[in-house]
1. Given a cut-off of under 8 Å on Cα pairs at least six residues apart, what relative contact order in percent is computed for the range 16-117?
2. Explain nothing, just compute: Karplus ³J(HN,Hα) = 6.51 cos²θ - 1.76 cosθ + 1.60, θ = phi - 60°, for every residue of the range 108-115 in order, whole Hz, x for Gly and Pro.
3. Can you give me the long-range amide H partners of L49? Hydrogens built in the peptide plane at 1.01 Å from N, cutoff under 5 Å, separation of 5 or more residues or another chain.
Amino acid sequence: TAMGISGYYFQARGASPVVVLGPEHAAEIAEAGYGRADVRQYIFEHARLPLGQLKDRGHYGTRSWPAEFERRGDAFEVPLVTDPDKLVLVVAGGDGRHSSWFPAWSATERATEMIPS
């Protein structure tokens, strides 16, 4: 998937990528009866790449992902994130049926900080 390929550097390292759904996409998902947790779970289950495809890429071997991934062999599909709750899901934008995502950087954790007015 595009998320798995371009997100390889942080894949399954504990980072929090951001998925931005346009309002029209979000409305369709909601009308179909799915909520935020469902979307996160779907992405968790489907945004994966086989371990064998990741072995020839840069930084392979410097992973901090679970050791069980390596033990499962080349066919094991490495998830984009270690837990569905690591995905930040927001609705933003205007008309036009456009959604996007922002890859995380390395293994950083998300944080929020109050900006005084």
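Bear in mind that the values in this text are calculations on the coordinates, not laboratory data. Everything quoted here is computed from the prediction, not taken from an experiment.
1. 56 percent
2. Karplus values, whole Hz, x for Gly and Pro: 6, 9, 6, 8, 10, 9, 6, 9.
3. V78
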